[in-house]
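Just below is one structure, and these are the notes that go with it.
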């Protein structure tokens, strides 16, 4: 009887806990209060905002505040959360995101973890929506946009098929397409938003095209006006009749490609992510490079979606002969909210010990700046003992920890970043901090640090310009994008088709 009673008590406690964890209806007053709290958190904790405003002359916080009036027409939690996600999207930062996840490294004081568990376990499946945008994303190449594949528009009434292969997009509804993207920038995911420091304009690396209106393209030097209101039958593929027979297709299960070429004594390390749970990458590097005459090492992080900085630390330890100085300088907004946020046992550092500083490049702001003792990346005892140049290949799709490696190259003479500016506000950082709003329990992450290492002017905070910029011809860059389904890390592809890799081979 006692066991039976205990089971009943456990069931009742579980039901009570589940009831407490469930989302409750929100009043308009609570919605407004949470919206205002979110804006305050962004103002107090996001050090990127004043930097971006100084560089781009766009006030993103004001842009976010303007969304407040949308609450007038919102009556449900899901729509409210969508609005708050739009606010985060206005940050143009890949780390500013809604989340239901948390970890031991987070400050969980005042965070309702039960509601996060409940939401993860009761996530709604996305409702099917009819296509409102054209399938596939345009590709941005050197200031122009191209259709992202081979399109066949089938006009059933006329029994006719229009074939467009990576055609240049000229306009949408008679608006130059680049201008149209800039005017609708906030409608696309922030992961693809980039700032071109040279031309001083925003662009997007994977926007969308509405499945309506008039799309004007140039195909084989012929201008075509495509009426998308006709609702064509559409086939799309990424490949054309020209096939690279000697190149294997991409294997998504392979994270790293490491090989030695005795043609020119090059050790190549291609990384799809900074993810190495079994700690095998460094071991492979040492096995493949052992006792080889190495004139050049190339680490390719183009398209790398990030992971852990410890992965590239271990890679460098496996390669170099001498210690590498590792002393990034991070800055936080000097606010009470930031000090409170990092006042917990597992915090990265004692926030009270950081220096309060102003910088000439942003004199109206006051920051809390790290003053860590210099650290070093020490070579493994069985490292390759390599003393030559290590080239880091980067492009517009290098993220997070992978971008940290590319940015780190500017700190170390032995490392040289090569390629194209990413357009991101990058550099070193911490794990994005966890926040939760009072009434809705809307939970999100936000990057609270900027990398101010070696910064002389405010544009330097972006930390995304490679040391050697390589202007890739449009046709070669477009070919690289078209070849996404091939293994672009294999030796055959790199030596025969990869423009950037070939440029680095010629560097002394």
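Within region 279-337, the set of residues being in a strand (DSSP E or B) and either surrounded by fewer than 19 Cβ atoms within 10 Å (Cβ to Cβ) or under 26 Å from the mean Cα position of the chain (by Cα) (or both) comprises 297, 298, 299, 300, 307, 325, 326, 330, 331, 332, 333.
Conditions (1) modelled with pLDDT of 95 or more; (2) touching a helix residue (DSSP H, G or I) at 6+ places or on another chain (Cβ under 8 Å); (3) exposed (fewer than 13 other Cβ atoms within 10 Å of the Cβ), marked per residue:
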position	(1), (2), (3)
18	no, yes, no
21	no, yes, no
26	yes, yes, no
30	yes, no, no
34	yes, yes, no
45	yes, yes, no
52	yes, yes, no
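Listed here are the residues, each with its yes/no results for (1) touching a strand residue (DSSP E or B) at 6+ places or on another chain (Cβ under 9 Å); (2) assigned to a loop (DSSP other than H, G, I, E, B).
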{"position": "108", "(1), (2)": "yes, yes"}
{"position": "123", "(1), (2)": "no, yes"}
{"position": "152", "(1), (2)": "yes, no"}
{"position": "202", "(1), (2)": "yes, no"}
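On the stretch given as region 227-245, residues that are touching a helix residue (DSSP H, G or I) at 6+ places or on another chain (Cβ under 9 Å) and at pLDDT 85 or above total 1. The combined condition, being more than 19 Å from residue 398 (Cβ to Cβ) and out of contact with any strand residue (DSSP E or B) (no Cβ under 6 Å at 6 or more places or on another chain), is fulfilled by residue 329. Restricting attention to region 450-477, the residues being in a loop (DSSP other than H, G, I, E, B) and surrounded by fewer than 14 Cβ atoms within 10 Å (Cβ to Cβ) number 5.
Looking across 135, 154, 58, one residue alone is within 30 Å of residue 201 (Cβ to Cβ) and at pLDDT below 95. It is 135.
Listed here are the residues, each with its yes/no results for (1) in contact with a helix residue (DSSP H, G or I) (Cβ under 8 Å, 6 or more places away or on another chain); (2) crowded, with 18+ Cβ neighbours inside 10 Å.
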{"position": "60", "(1), (2)": "yes, yes"}
{"position": "63", "(1), (2)": "yes, no"}
{"position": "75", "(1), (2)": "no, no"}
{"position": "84", "(1), (2)": "yes, yes"}
{"position": "87", "(1), (2)": "yes, yes"}
{"position": "94", "(1), (2)": "yes, yes"}
{"position": "101", "(1), (2)": "yes, no"}
{"position": "104", "(1), (2)": "no, no"}
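The set of residues in region 409-424 that are part of a loop (DSSP other than H, G, I, E, B) and within 22 Å of the chain's Cα centre (by Cα) comprises 420, 421, 422, 423, 424. Residues in region 149-185 that are crowded, with 16+ Cβ neighbours inside 10 Å and under 30 Å from residue 460 (Cα atoms): 177, 178, 180, 181, 185. For region 361-414, a residue qualifies if it is at positive phi and at pLDDT 95 or above, and exactly one does: 385. Filtering region 350-408 to residues that are assigned to a helix (DSSP H, G or I) and closer than 26 Å to residue 319 by Cβ leaves 400, 401, 402, 403, 404, 405, 406, 407, 408.
The values are calculated or read from the model by the stated rules, or taken from the named source; none is laboratory data. Predicted, not measured: the structure shown is a model, and the values here were computed from it. In this analysis, Cβ positions are derived from the backbone assuming ideal geometry, glycine residues included, and neighbour counts consider all displayed protein chains.
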